[in-house]
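Q: Got a structure for you, written out below as structure tokens; questions coming shortly.
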């Protein structure tokens, strides 16, 4: 091997290593953005309707094609049709989200999700269901 071939080989190896590093970084950042039950809000709303609403939004976003475009409005806005009901530690959240579909069009989708707050942690009982 002459000097030019050795340099080309070294540059090729470096390029492959950098490419693999970039792919691993992207994959790791996508995995860490998934909501996990153990990341439940440890704030003053612990087992409240407000906390159920916030947790439901996280789980709904995780199931959207374009979670960054999600717009839920606010829990206490007038004319905002959401419902958070509680039976003991079980919360049923019904609402809607505006988000982009696979073609980039903004679509309003209704959802329902049932959550339970138990042992300082949120767990999904059912859903989210989109309709």
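Please treat every number below as a calculation from the coordinates, not as lab data. Note that the structure is a prediction, hence the values are computed from the model and not measured. Positions of Cβ are backbone-derived with ideal geometry, glycine not excepted, and every protein chain shown enters the neighbour counts.
Q: One-quarter of the Cα convex hull surface for the stretch 44-130, in nm²?
A: 5.7
Q: Further question: Please order 53, 96 by the number of other Cβ within 10 Å, starting at the fewest.
A: Exposure proxy ranking, most exposed first: 96, 53.
Q: Provide 87, 65, 57 in ascending order of the number of other Cβ atoms located within 10 Å of each residue's Cβ, fewest first.
A: Ranking 87, 65, 57 by Cβ neighbours within 10 Å, fewest first, gives 87, 65, 57.
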